[in-house]
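Here, each number is a calculation from the coordinates, and none is a lab measurement. Only a predicted model underlies this, so the values are computations on that prediction, with no experimental measurement involved. Every residue, glycine among them, receives a Cβ derived from its backbone with ideal geometry; neighbour counts consider all protein chains shown.
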């Protein structure tokens, strides 16, 4: 990819780094959820309801991070795929991904 367009190669790496950071956030949420569930098992019934709210928030954060990670992957991939398919040898750069389905 770098020999065709260095900007696209850098963008690809950037989107993959963002995606990786979001997946690390998902893992952190899951590890916090395990710790929280252990504390809930040791706590009484009164403290358990407060911990359930925190667990619900961690699950929501994990779900949201997963959705954003998929969007980061999809947007980076679609931009790169659209530009690389539309690349014409007579053009210097790449066109916006308008006609890429017709080139299949």
Check your understanding: Between residue 27 and residue 45, what length in nm is gained on full extension when 0.36 nm per residue of separation is reduced by their alpha carbon distance?
Key -> 3.7 nm
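Would you work out the relative contact order for segment 6-86, in percent, from Cα pairs under 8 angstrom that are 6 or more residues apart?
Here the relative contact order equals 50 percent.
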Exercise for review: For an R0 of 41 angstrom, estimate the FRET efficiency from the Cβ-Cβ distance between residue 53 and residue 75 and round to the nearest 0.05.
Suggested key: 0.80
